[in-house]
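To keep things clear, I will list the structure first and then write my remarks on it.
The values are calculated or read from the model by the stated rules, or taken from the named source; none is laboratory data. Computed from a predicted model, the values in this text were never measured in an experiment. Cβ placement follows ideal geometry from the backbone for every residue including glycine, while neighbour counts extend to all protein chains displayed. Each accessible area value is taken on the protein alone, full model and side chains, heavy atoms only, with ligands, DNA and RNA left out. Shrake-Rupley method; radii C 1.70, N 1.55, O 1.52, S 1.80 Å.
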Amino acid sequence: MSSDDIQPALRHDVGTVYAQLALRIEQHLPGYIDAYFGPANWKAQAEAEGKQSLDTLAAQAHELMCAAQQALFDSQRQRFLVKQVSAMRMTLRILAGESVPFVEEVQGLYDVTAERVDEAQFENALRELGELLPGKGAINERLRARRKQFDVPRERVLELFQLAKAETRRRSRALFALPSDEDVEITLVNDKPWGAYNWYRGGHRSLIEVNTDSPVQANGLVGLMAHEGYPGHHTEHAVKEQLLLEQNGWREACVQLINAPACVIAEGIATSAADVIFADGEFEAWQREYLYPRAGVRDDLPPDVVQRIHDISRLLGGVSGNAALLLHVEGKADDDVIAYLLRYSSRSTDEAQRYIRFLKSPVFRSYSFTYSVGHDLLAQLFERHDKVEVFKRVLSEPLTPTDLRGWLSNA
């Protein structure tokens, strides 16, 4: 699509032009599109064209923004498109070589502010964890020792994930209207910068890849399945494909970008997923009765202590964002950032090194803030509204962080 014919296309369907522009940006930034399940010929055309000039794409993005701002359709859809296209324009600025300050990059891509968390919060959390964890010595070493006691042999991982899938799927279907033909496939991989990844394939199907570079822990396995599958990433994608694309005909819903405000909503959903489908105490009780015996592990700590450890550990969520700021704003060396991660988290050295790879990826370098901000926004909404009803909305509506902040200010 050239700039000469973009205007007629815009008058016909803003969503189509949005998806096609995303496919053309992908030619410059592989991995920019997290999932695409639109017409095959659109993707084939973009690949056949190769890289259009960044100036041409910037001009198309400008026209698309103007069209989105003037479009006469659902106001929520309009707000969503304006924020998403604004993020596209930031990506094009970065690709063009513009020196964008990192904090401005985060704001432009994700509609959130990259704020450093005071290390005093981490110190206090670690101090309280030290009072709860068994053993003596450095708290981080005790955290890592606790993780190790839940290591699952690689040959048992898929079996346990199938068990977790069945339970999280059952609970999710009891609360939310999933497409009747949805499904998830799970496979094991190696040598990735992430721990697990949901690849949405369209047609209400996903592939979840679990990275076994580090051992999978039995006490994290159900949460991981909830995050990537039910009612996390897979559930959101399948529900939105059915409602927004298939029923409403909003063609922008056939493409999911990795550097856009919608990612904050997606990670908020994923990081809250287990807490939504398991009521207080149910999560730990289910693991101890059904999962741990099959995994060959046990937990000698009382369930209420385990829950407290989980809650306090949430306060360490800002460590990842701080690490990104150390690397990209303060210019700290890799070894210094790794030392920071080892000091304030339970990551092993290998996991910290892998996270550095994540922070240096062109598409993930500023992504870490989507997790903590997304989780915190939903947590605040859960405090003021019915948790399940909030979750139904974020699973099914096109939303951005600005929308969630608006809900909070009007509550």
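Any chance you could check the Cα centroid distance between segment 351-374 and segment 289-338 for me, in angstrom?
15 Å
Please work out the Cα convex hull volume for segment 345-389 and give it in Å³ per residue.
Given the Cα convex hull of segment 345-389, per-residue volume reads 97 Å³.
Among 41, 138, 57, whose Cα projects farthest towards the positive end of the dipole of segment 2-154, with charges put on the beta-carbon of Lys, Arg (+1) and Asp, Glu (-1)?
Of the listed residues, the answer is 138.
Quick one: net charge of residue 216's neighbours, Cβ under 13 Å, K/R +1, D/E -1?
-3
Rg and Dmax in Å for segment 299-390, alpha carbons only: what are they?
Cα-based Rg and Dmax for segment 299-390 come out at 15.8, 45 Å.
When ranked by the protection proxy of mean other Cβ atoms within 10 Å per residue, highest first, what sequence do the peptides 382-391, 203-212 form?
In decreasing order of mean packing, 382-391, 203-212 become 203-212, 382-391.
Taking the Cβ of residue 121 as the center, what net charge do the other residues with Cβ under 15 Å away carry, scoring Lys and Arg +1 and Asp and Glu -1?
-3
Using unit Cβ charges (K, R positive; D, E negative) and no other charged atoms, how large, in debye to the nearest 20, is the dipole of the chain about its Cα centre?
380 debye
Over segment 64-120, what relative contact order in percent results from Cα pairs under 8 Å that are six or more residues apart?
Computed value for segment 64-120: 26 percent relative contact order.
Suppose the chain between residue 279 and residue 41 were pulled fully straight at 0.36 nm per residue; how much longer would it get relative to their current alpha carbon spacing?
81.1 nm
Once a ≥ b ≥ c are taken as the square roots of the eigenvalues of the Cα gyration tensor of segment 44-101, is the result rounded (a/c under 1.5), prolate (a/b larger than b/c) or oblate (a/b not larger than b/c)?
Cα axes put segment 44-101 in the oblate bin.
What does the charge dipole of segment 356-411 about its Cα centre add up to, to the nearest 20 debye, if the Cβ of each Lys and Arg holds +1 and the Cβ of each Asp and Glu holds -1?
That gives a dipole near 340 debye.
Beyond a 25 Å Cα-Cα separation, which of these cross-linked pairs lie in this structure: 43/360; 192/387; 192/240; 148/387; 83/392; 165/192?
Those over the limit are 43/360; 192/387; 192/240; 148/387.
Report, in deg cm²/dmol and to the nearest 500, the calculated mean residue ellipticity at 222 nm for the chain, where each DSSP H run with n ≥ 4 adds -39500 (n - 2.57) and the sum is divided by the residue count.
Mean residue ellipticity, 222 nm, calculated: -19000 deg cm²/dmol.
In µm²/s, what is D for segment 114-233 at 20 °C and 1.002 mPa s, where D = kT/(6 pi eta Rh) by Stokes-Einstein and Rh is the Kirkwood radius from Cα pairs?
My calculation gives 130 µm²/s for D.
Residue 162 to residue 98: FRET efficiency via 1/(1 + (r/R0)^6), r the Cβ-Cβ distance, R0 45 Å, to the nearest 0.05?
Once the sixth-power term is evaluated, E becomes 0.45.
Accessible area, 1.4 Å probe, largest first: how do 122, 80 sort?
I get 80, 122, largest accessible area first.
Where Lys and Arg each count +1 and Asp and Glu each count -1, what net charge lies around residue 169 among other residues with Cβ under 15 Å from its Cβ?
So the surrounding residues net to -2.
Can you tell me, using C-alpha contacts under 8 Å and at least 6 residues apart, the relative contact order of segment 4-148 as a whole percent?
17 percent
Which one, 318, 385, 337, is farthest towards the positive end of the dipole of segment 303-405 when Lys and Arg carry +1 and Asp and Glu -1 on their Cβ?
Farthest towards the positive pole: 337.
Set the Förster radius R0 to 35 Å, insert the Cβ-Cβ distance between residue 330 and residue 53 as r into 1/(1 + (r/R0)^6), and round the FRET efficiency to 0.05.
0.55
Of the peptides 181-189, 313-321, 229-237, how do they stack up when ordered by the mean number of other Cβ atoms within 10 Å, highest first?
Highest to lowest by the protection proxy: 229-237, 313-321, 181-189.
Among the aspartates and glutamates, which have Cα under 14 Å from the Cα of residue 51 when same-chain residues fewer than 8 positions away are ignored?
Excluding near neighbours in sequence, the set is 26.
Suppose every K and R has +1 on its Cβ and every D and E has -1 on its Cβ; what is the size of the dipole of segment 56-98 about the Cα centre, in Debye to the nearest 20?
Magnitude of the dipole: close to 120 debye.
What distance in nm separates the two pseudo spin-label positions at residue 289 and residue 174, each 7 Å out from Cα along the beta-carbon direction?
1.0 nm
Give the residue from 202, 274, 264 lying farthest towards the positive end of the charge dipole for the chain; charges sit on Cβ (+1 for Lys and Arg, -1 for Asp and Glu) and the dipole is referred to the Cα centre.
274
Whenever you get a sec, line up 17, 373 from highest to lowest accessible area (probe 1.4 Å, protein heavy atoms).
Result of the area sort, largest leading: 373, 17.
I'd like the accessible area for residue 244: 1.4 Å probe, protein heavy atoms, all chains in place, Å² to the nearest 10.
For residue 244, the solvent-accessible surface is approximately 20 Å².
Which of rounded, prolate, oblate describes segment 241-371, given a ≥ b ≥ c as roots of the alpha-carbon gyration tensor eigenvalues and a/c under 1.5 marking rounded, otherwise prolate only if a/b is larger than b/c?
Since a/c reaches 1.5 but b/c is at least a/b, the shape of segment 241-371 is classed as oblate.
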